[in-house]
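Asks: I'd like to ask some things about the structure below.
The values are calculated or read from the model by the stated rules, or taken from the named source; none is laboratory data. In this text the structure is predicted, and so the values were computed from the model without any measurement. Reconstructed Cβ throughout: ideal geometry from the backbone, glycine too, with neighbour counts over all protein chains shown. Areas reflect the complete protein model, heavy atoms only, side chains present, ligands, DNA and RNA absent. Shrake-Rupley method; radii C 1.70, N 1.55, O 1.52, S 1.80 Å.
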Amino acid sequence: MSSWDQRGKYLVDVSQRCLKGHKTFDLCRSHLVQASQISKGTIYNHFNSEADLIVAVGCDQLERWLTQANIDSEVYPDPYTRFIYHHCQRLYSILSENMFVIERVLPNDDILNKSSDAFQEKFTTLAAAYYHWNADAIKEIGEINGFDRVELVIQYLRGALINIDDAQKQYDSPELYHQLSYALTQLIGHSNKRIPALKDFKTWLLTQGQSRNAQVNPN
């Protein structure tokens, strides 16, 4: 990674930290000067417009979910389990890290059209890759005709993530992930599937908590 790319990644990381807990994308390029201790000119060279900054943050989150998807593909051989726990992990990460829910602003054609070609192309490519990961998972579970199941899932998740964040739900509630898994199972047309039980999510959350503590206190 070049120094230019490293600086761009750093600026996006700073942006993500600045947006923690926010319900609107109220971060501007000028705000990054003090937060990052990088000159205004350099920041504006990285992000030619406010739209570029928004899309850059969106790309960063998509890259994270795709990385998690690849990990989940190795951890969970069963496609249904993989699909359910992937989206539970995504929700857990957003809530436990107090992340900004990028679905509040993206995808949005107006913002994408105002962003530079490079950022627009990157976001479109990443979004397509994540769409296909979900589509492949649903296909492997077993497609049920009658609806566009992938689109149903994506639209549901967008609304659910925003609503759950607005409601300030606790990230360590097993009931929250149990409800999410039930909704996802219905949407993909597999109501006959036995969703993970509350005790399964309690065990999963315990593992998540141990992993989180290890990251905070590596020694």
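Asks: Would you be able to say whether some residue in segment 41-52 is assigned to a helix (DSSP H, G or I) and hydrophobic (A, V, I, L, M, F, W, C)? Outline the logic, then answer.
Replies: Residues of segment 41-52 that are assigned to a helix (DSSP H, G or I), as a first pass: 41-46, 50-52.
Those left that are additionally hydrophobic (A, V, I, L, M, F, W, C): 43, 51.
Yes, segment 41-52 contains at least one residue that is assigned to a helix (DSSP H, G or I) and hydrophobic (A, V, I, L, M, F, W, C).
Asks: Among the candidates Phe83, Phe123, which residue alone is farther than 22 Å from Gln16 by Cα, modelled with pLDDT of 95 or more, touching a helix residue (DSSP H, G or I) at 6+ places or on another chain (Cβ under 7 Å) and open to solvent by less than 40 Å² (accessible area, probe 1.4 Å)?
Replies: Phe83
Asks: Output the residues belonging to segment 156-172 that are of a type outside the set (Lys, Arg), touching a Leu at 6+ places or on another chain (Cβ under 8 Å) and open to solvent by 30 Å² or more (accessible area, probe 1.4 Å).
Replies: Tyr156, Gln170, Tyr171, Asp172
Asks: So Leu32 passes all but one of these: (1) of a type in the set (A, V, I, L, M); (2) open to solvent by 20 Å² or more (accessible area, probe 1.4 Å); (3) assigned to a helix (DSSP H, G or I). Which condition number does it fail?
Replies: Evaluating Leu32 over (1) of a type in the set (A, V, I, L, M); (2) open to solvent by 20 Å² or more (accessible area, probe 1.4 Å); (3) assigned to a helix (DSSP H, G or I) leaves (2) as the failure.
Asks: Looking at segment 2-47, which of its residues are at positive phi and either in contact (Cβ under 8 Å) with a residue 12 or more places away in the chain or among the aliphatic types (A, V, I, L, M) (or both)?
Replies: Once the filter is applied, which keeps residues that are at positive phi and either in contact (Cβ under 8 Å) with a residue 12 or more places away in the chain or among the aliphatic types (A, V, I, L, M) (or both), segment 2-47 yields only Gly21.
Asks: Could you look through segment 174-207, keep only residues that are open to solvent by 30 Å² or more (accessible area, probe 1.4 Å) and among the polar types (S, T, N, Q), and pick out the one that is nearest to Leu152 (Cα to Cα)? Outline the logic, then answer.
Replies: Start the filter on segment 174-207 by keeping residues that are open to solvent by 30 Å² or more (accessible area, probe 1.4 Å), which leaves 175, 178-179, 182, 186-187, 191-195, 197-200, 202-203, 206-207.
Next cut, among the polar types (S, T, N, Q) only: 179, 186, 191-192, 203, 207.
Numbers: Gln179: 16, Gln186: 10, Ser191: 15, Asn192: 18, Thr203: 29, Thr207: 30 Å.
Filtering segment 174-207 for residues that are open to solvent by 30 Å² or more (accessible area, probe 1.4 Å) and among the polar types (S, T, N, Q), the one nearest to Leu152 (Cα to Cα) comes out as Gln186.
Asks: When you look at Ala56, is it modelled with pLDDT of 95 or more, of a type in the set (A, V, I, L, M, F, W, C), open to solvent by 20 Å² or more (accessible area, probe 1.4 Å) and within 17 Å of Asp5 (Cβ to Cβ), yes or no?
Replies: Numbers: modelled with pLDDT of 95 or more: yes; of a type in the set (A, V, I, L, M, F, W, C): yes; open to solvent by 20 Å² or more (accessible area, probe 1.4 Å): no; within 17 Å of Asp5 (Cβ to Cβ): yes.
No, not satisfied.
Asks: From Leu95, Leu91, which residue is in contact (Cβ under 8 Å) with a residue 12 or more places away in the chain, open to solvent by less than 20 Å² (accessible area, probe 1.4 Å) and aliphatic (A, V, I, L, M)?
Replies: That would be Leu91, the only listed residue that is in contact (Cβ under 8 Å) with a residue 12 or more places away in the chain, open to solvent by less than 20 Å² (accessible area, probe 1.4 Å) and aliphatic (A, V, I, L, M).
Asks: Same structure again: State yes or no: is Ser116 open to solvent by 20 Å² or more (accessible area, probe 1.4 Å), in contact (Cβ under 8 Å) with a residue 60 or more places away in the chain and of a type in the set (Gly, Ala, Ser)?
Replies: Numbers: open to solvent by 20 Å² or more (accessible area, probe 1.4 Å): yes; in contact (Cβ under 8 Å) with a residue 60 or more places away in the chain: yes; of a type in the set (Gly, Ala, Ser): yes.
So Ser116 fits the description; yes.
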